[in-house]
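Written out below as structure tokens is the structure these notes cover.
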Amino acid sequence: MIGRAAKHRDSALWIAAMVHRISGLALAIFLPLHFLALGLALESEARLESFLRWSDQPLVKAAEIALVFLFTVHLLGGLRILVIENFDWRDGQKQLATLAAALSAIVAFAFLVRVF
Amino acid sequence: MNVRLYLWQRATAAVMAPLVVVHIAVIFYATRHGMSAADILSRTRGSIAWAAFYGLFVFAVSIHASIGVRNVLSEWTPLNERRVDAFAVFFGLALAVLGLRAVAAVVLT
């Protein structure tokens with residue numbers, strides 16, 4: 001029974017739903033920090049500049065690349081849901097989900113090349 | 001999730017889809033020579049267009065994210081519905097306030 005109940009977790013579409021949820025959660029955690037960082041400009045331009053120079057560290061850049069990936073994958077995963085819910089059902093949902101992940105990886109890789 | 005929240009979740013997603021595409025393009029553009037405060041602020045200061053764009057973005061994301069977080073808390077934690085709702089409202093309001101503050105910081109200063 002347990003094996004049967006957990007079998008759906010092998011499905012690409014279950015993974016797509018989980019990736020959508022986890023990426024959304026990560027973005028929700030990041031957003032207040034993003035807003036606080038931009039808010040530094042209220043103190044002065046120099047304060048924002050000093051934060052941006054701190055963010056040049058490789059670890060921070062790596063986190064930014066991960067965020068670009070999560071942002072893109074959440075966008076594409078969300079578009080997939082809107083299409084499923086609002087238009088006629090089409091075959092190839094798994095291929096679409098895989099394409100969303102692949103496109104997100106390409107965007108994140110392009111960003112990696114840009115910032116490093 | 002009730003029908004009203006479901007509709008808000010999907011409507012804000014539809015509104016944000018083009019905004020996210022533009023924002024990703026801006027991220028790539030802004031990092032073309034490394035990011036600097038002068039560069040960012042020279043684009044945004046006094047710009048009604050960017051204020052409207054990011055103002056709408058903040059409004060939509062505050063609703064979208066708070067409903068999403070509410071769903072996750074409701075399904076994955078033992079918190080009762082009243083606490084989940086209270087946290088979602090607090091989170092949405094905090095995002096709206098911090099987001100509009102950030103927009104003001106880059107447009108008005």
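The values are calculated or read from the model by the stated rules, or taken from the named source; none is laboratory data. All figures in this text were calculated on a predicted structure; none of them were measured in a lab. FYI the Cβ positions are ideal-geometry reconstructions off the backbone, even for glycines, and counts take in every protein chain you see.
Table: residues versus (1) modelled with pLDDT under 95; (2) under 23 Å from B:G68 (Cβ atoms); (3) touching a Gly at 6+ places or on another chain (Cβ under 8 Å).
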residue	(1), (2), (3)
A:H8	yes, yes, no
A:A12	yes, yes, no
A:I29	no, yes, no
A:R53	no, no, no
A:I84	yes, yes, no
A:D88	yes, no, no
A:A108	yes, yes, no
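Look at B:R4 and say whether it is touching a helix residue (DSSP H, G or I) at 6+ places or on another chain (Cβ under 8 Å), on the phi < 0 side of the Ramachandran plot and not hydroxyl-bearing (S, T, Y). Break it down stepwise before answering.
Values: touching a helix residue (DSSP H, G or I) at 6+ places or on another chain (Cβ under 8 Å): no; on the phi < 0 side of the Ramachandran plot: yes; not hydroxyl-bearing (S, T, Y): yes.
Spelling it out, it is not the case that B:R4 is touching a helix residue (DSSP H, G or I) at 6+ places or on another chain (Cβ under 8 Å), on the phi < 0 side of the Ramachandran plot and not hydroxyl-bearing (S, T, Y).
Mind checking which residues of segment A:78-116 are in a helix (DSSP H, G or I) and small (G, A, S)?
A:G78, A:A97, A:A100, A:A101, A:A102, A:S104, A:A105, A:A108, A:A110
Is at least one residue of segment A:81-91 closer than 28 Å to B:L7 by Cβ and touching a Leu at 6+ places or on another chain (Cβ under 6 Å)?
no
Taking into account only those residues within segment A:23-68 that are among the charged types (D, E, K, R) and not in a helix (DSSP H, G or I), which is nearest to B:V97 (Cα to Cα)? Before the answer, list the steps.
Residues of segment A:23-68 among the charged types (D, E, K, R): A:43, A:45, A:47, A:49, A:53, A:56, A:61, A:64.
With the extra rule that they be not in a helix (DSSP H, G or I), the set shrinks to A:43, A:56.
On the way: A:E43: 17, A:D56: 27 Å.
Looking at residues that are among the charged types (D, E, K, R) and not in a helix (DSSP H, G or I), I get A:E43.
Conditions tested, residue by residue: (1) farther than 21 Å from A:F30 by Cα; (2) touching a helix residue (DSSP H, G or I) at 6+ places or on another chain (Cβ under 7 Å).
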| position | (1), (2) |
| --- | --- |
| B:V26 | no, no |
| B:A30 | no, yes |
| B:M35 | no, yes |
| B:S42 | yes, no |
| B:A49 | yes, no |
| B:I63 | no, yes |
| B:S74 | no, yes |
| B:R82 | yes, no |
| B:A86 | no, no |
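Of the numbered conditions (1) crowded, with 16+ Cβ neighbours inside 10 Å; (2) over 23 Å from B:H64 (Cα atoms); (3) in contact (Cβ under 8 Å) with a residue 60 or more places away in the chain, A:T98 satisfies every one except a single condition; which is it?
Looking at each condition in turn, A:T98 falls short on (1).
For the condition at negative phi, more than 8 Å from chain B (Cβ to nearest Cβ) and either surrounded by 14 or more Cβ atoms within 10 Å (Cβ to Cβ) or free of Cβ contacts under 8 Å to residues at least 12 places away in the same chain (or both), what is the one hit in A:V73, A:V68?
Result: A:V73 is the single residue among A:V73, A:V68 that is at negative phi, more than 8 Å from chain B (Cβ to nearest Cβ) and either surrounded by 14 or more Cβ atoms within 10 Å (Cβ to Cβ) or free of Cβ contacts under 8 Å to residues at least 12 places away in the same chain (or both).
For segment B:18-63, how many residues are of a type in the set (G, A, S), exposed (fewer than 14 other Cβ atoms within 10 Å of the Cβ) and assigned to a helix (DSSP H, G or I)?
The number of residues fulfilling the criteria is 5.
Kindly indicate whether any position in segment B:59-72 is among the charged types (D, E, K, R), touching a Leu at 6+ places or on another chain (Cβ under 8 Å) and touching a residue at least 60 places away in the same chain (Cβ under 8 Å).
Yes.
Name the residues in segment B:77-109 that are touching a residue at least 12 places away in the same chain (Cβ under 8 Å), of a type outside the set (V, I, T) and away from chain A (no Cβ under 11 Å), would you?
Hits for segment B:77-109 are B:D85, B:F87, B:L93.
I need the full set of residues from segment B:16-38 which are aromatic (F, W, Y) and within 7 Å of chain A (Cβ to nearest Cβ), in order please.
If the condition is that a residue be aromatic (F, W, Y) and within 7 Å of chain A (Cβ to nearest Cβ), then B:F28 is the only one that fits.
Answer yes or no as to whether B:V3 is buried (at least 18 other Cβ atoms within 10 Å of the Cβ), more than 28 Å from A:E43 (Cβ to Cβ) and not basic (K, R). Step through it out loud before you land on a result.
On the way: buried (at least 18 other Cβ atoms within 10 Å of the Cβ): no; more than 28 Å from A:E43 (Cβ to Cβ): yes; not basic (K, R): yes.
Here the answer is no, as B:V3 does not meet what is asked.
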